Amino acid sequence: MAAPEDRDLTQEQTEKLLQFQDLTGIESMDQCRHTLEQHNWNIEAAVQDRLNEQEGVPSVFNPPPSRPLQVNTADHRIYSYVVSRPQPRGLLGWGYYLIMLPFRFTYYTILDIFRFALRFIRPDPRSRVTDPVGDIVSFMHSFEEKYGRAHPVFYQGTYSQALNDAKRELRFLLVYLHGDDHQDSDEFCRNTLCAPEVISLINTRMLFWACSTNKPEGYRVSQALRENTYPFLAMIMLKDRRMTVVGRLEGLIQPDDLINQLTFIMDANQTYLVSERLERCREVPQ
């Protein structure tokens, strides 16, 4: 193994450099260092990026565009599907509901007051995005630990990179914001998002980007999309030359319903993508 050149590297950085070289097999120490510096010395993200390159997948590290894409969220033709929680049934169901109602109300009221007061004491740590790729990789790992490895293929890059790829490839982009503390998140992830038929639809017809709103990168996207409840999904595409939210799905939804709603949104907007493809063909010099 080649010895790393000692150019103002800390002991921790030197150890990461050697570990990265062992994991990737890259002989050039300068190349190893350059890759780690690109990823802010996040060895996990750097290794994943290297594996992507070897598998022919585009790198998740791209310099941020000088003018990040803005997403149009004000289109009045947007398709919204909000799922209400089912009403209790029977005497026992209503009895339990009424008994628990004051406890739920008190809990969420106190929680909201605490969060509101906390904003005045110290700024929300999620408001500073320092390692967006690291946020995505961390969420992916925690998701797989909790729900298993059978899930839609996560886009392994930032939200901005996903928008740029969806625009360049003229594909639908499905965004999932994970509410860690919401009561319906676990059921949605286990029974709906990881259902084989849902995985098949997402993997074959769209890009899929996901993150927890407890992560700075997920919180930033949450502030842009302004979800009302969880689970939350947004369908984004290039429409009228702008990246536009064309569908919002909010609340616990079953696999068949999710497939029907996503298919409906794509079918209703497919003509815009076809139009964009034709327009690009005309712009290509003969």
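The values are calculated or read from the model by the stated rules, or taken from the named source; none is laboratory data. The structure presented is a predicted model; accordingly, all values stated were derived computationally and were not measured. Here Cβ is always computed from backbone atoms with ideal geometry, including for glycine, and neighbour counts include all displayed protein chains.
Under the condition of being more than 21 Å from residue 169 (Cβ to Cβ) and either polar (S, T, N, Q) or not assigned by TED's automatic domain parsing to the domain that holds residue 135 (or both), the residues counted in region 180-234 number 11. When you scan region 235-246, do you find a residue that is hydrophobic (A, V, I, L, M, F, W, C) and under 23 Å from residue 144 (Cβ atoms), even just one? No - not one qualifying residue is present in region 235-246. Would you check if residue 233 is at pLDDT 95 or above, surrounded by 23 or more Cβ atoms within 10 Å (Cβ to Cβ) and not in a helix (DSSP H, G or I)? So residue 233 fits the description; yes.
Examine region 212-224 for a residue that is in a strand (DSSP E or B), more than 19 Å from residue 154 (Cα to Cα) and under 19 Å from the mean Cα position of the chain (by Cα), and state whether such a residue exists. No, there is no match, as no residue in region 212-224 is in a strand (DSSP E or B), more than 19 Å from residue 154 (Cα to Cα) and under 19 Å from the mean Cα position of the chain (by Cα). A residue that is within 24 Å of residue 46 (Cα to Cα) and either among the aromatic types (Phe, Trp, Tyr) or free of Cβ contacts under 8 Å to residues at least 40 places away in the same chain (or both) occurs nowhere in region 189-204. Condition first: buried (at least 22 other Cβ atoms within 10 Å of the Cβ) and over 23 Å from residue 131 (Cα atoms). Can you find one or more residues in region 207-229 that meet it? Taking every residue of region 207-229 in turn, none turns out to be buried (at least 22 other Cβ atoms within 10 Å of the Cβ) and over 23 Å from residue 131 (Cα atoms).
Contact map, region 250-274: first residue buried (at least 19 other Cβ atoms within 10 Å of the Cβ), second residue modelled with pLDDT under 95 and of a type in the set (Gly, Ala, Ser), Cβ cut-off under 7 Å, separation 6 or more or different chains; pairs are 265/247. The set of residues in region 179-220 that are within 18 Å of residue 136 (Cα to Cα) and aromatic (Phe, Trp, Tyr) comprises 208, 209, 219.
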